[in-house]
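Heads up: the structure comes next, in C-alpha cells.
The values are calculated or read from the model by the stated rules, or taken from the named source; none is laboratory data. Please read these numbers as outputs of a predicted model, since none were measured by experiment. Here Cβ is always computed from backbone atoms with ideal geometry, including for glycine, and neighbour counts include all displayed protein chains.
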Amino acid sequence: MQVIIEISLYGATTKHDVLTRFGETLELGGPDGNVPVDPTQGRGWGFNWDALADSLTELGSGGIWGTSRKFTFPLKLTITGSDGFRTRNADEFEQLKSVLEDTRDHYSRRQRQFDFNFA
C-alpha cells in the first residue's frame with residue numbers, strides 16, 4: 001500500500017518557509033531536529049536545496065542521522081498550498097520541483113517508487 005505524506009505550504013512564501021515545512025513534516029534532522037545541522041549533537045540539516053536533496057534520498061533509512069522516521073515505499077508526497085510560493089518565487093519553485101524529480105529518479109534506479117504532486 002502506498003504511503004501518502006501531505007506537506008502543507010499554505011502561507012509559505014520563501015525558500016526558508018518551504019524548507020522548514022519539509023524538514024518538520026519529514027523530520028529531516030531527526031526528532032526535534034529541524035534546526036541547522038550540528039554534527040556534535042547528531043541532529044539538524046542544512047536548510048538548502050542540496051541538503052533537501054540529500055535528505056530525501058535517505059527517507060527509507062531514517063534520514064541523514066538515522067534517527068528520523070523511516071518511511072516505507074511506495075511513497076508519495078502531496079504538496080498542498082504551493083501557489084503563494086510559486087507566484088512569489090518562480091525560480092525557487094522550479095528548484096524545488098527539480099529536487100523532487102531527481103529524488104523520484106534516484107529511487108526509481110533502486111526499484112523503489114517515490115512520487116510527488118502539487119495539489
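Tabulated results
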| quantity | calculated |
| --- | --- |
| Pick from the stretch 29-47, criterion modelled with pLDDT under 80, in contact with a strand residue (DSSP E or B) (Cβ under 9 Å, 6 or more places away or on another chain) and exposed (fewer than 14 other Cβ atoms within 10 Å of the Cβ), ranking: farthest from Ile64 (Cα to Cα) | Asp32 |
| Test: residue in the stretch 10-28 that is closer than 22 Å to Ala119 by Cα, touching a Lys or Arg at 6+ places or on another chain (Cβ under 7 Å), in contact (Cβ under 8 Å) with a residue 24 or more places away in the chain and buried (at least 20 other Cβ atoms within 10 Å of the Cβ) | yes |
| Subset tally (residues that are under 23 Å from Asp32 (Cβ atoms), in contact (Cβ under 8 Å) with a residue 60 or more places away in the chain and not in a strand (DSSP E or B)) for the stretch 68-91 | 2 |
| Filter pass, Gly62 being surrounded by fewer than 20 Cβ atoms within 10 Å (Cβ to Cβ) and in contact with a Ser or Thr (Cβ under 8 Å, 6 or more places away or on another chain) | yes |
| Of the criteria (1) buried (at least 19 other Cβ atoms within 10 Å of the Cβ); (2) assigned to a helix (DSSP H, G or I), which one Asp102 fails | (1) |
| Residue match in the stretch 62-81 (condition: among the hydrophobic types (A, V, I, L, M, F, W, C) and within 22 Å of Thr13 (Cβ to Cβ)) | yes |
| Count - residues of the stretch 33-67 that are more than 26 Å from Glu92 (Cα to Cα) and in a loop (DSSP other than H, G, I, E, B) | 8 |
| Residue list for the stretch 65-96, restricted to those being at pLDDT below 95, surrounded by fewer than 18 Cβ atoms within 10 Å (Cβ to Cβ) and touching a helix residue (DSSP H, G or I) at 6+ places or on another chain (Cβ under 8 Å) | Arg69, Lys70 |
| Extreme residue, farthest from Gly81 (Cα to Cα), among residues of the stretch 1-28 that are in a loop (DSSP other than H, G, I, E, B) and touching a helix residue (DSSP H, G or I) at 6+ places or on another chain (Cβ under 6 Å) | Leu28 |
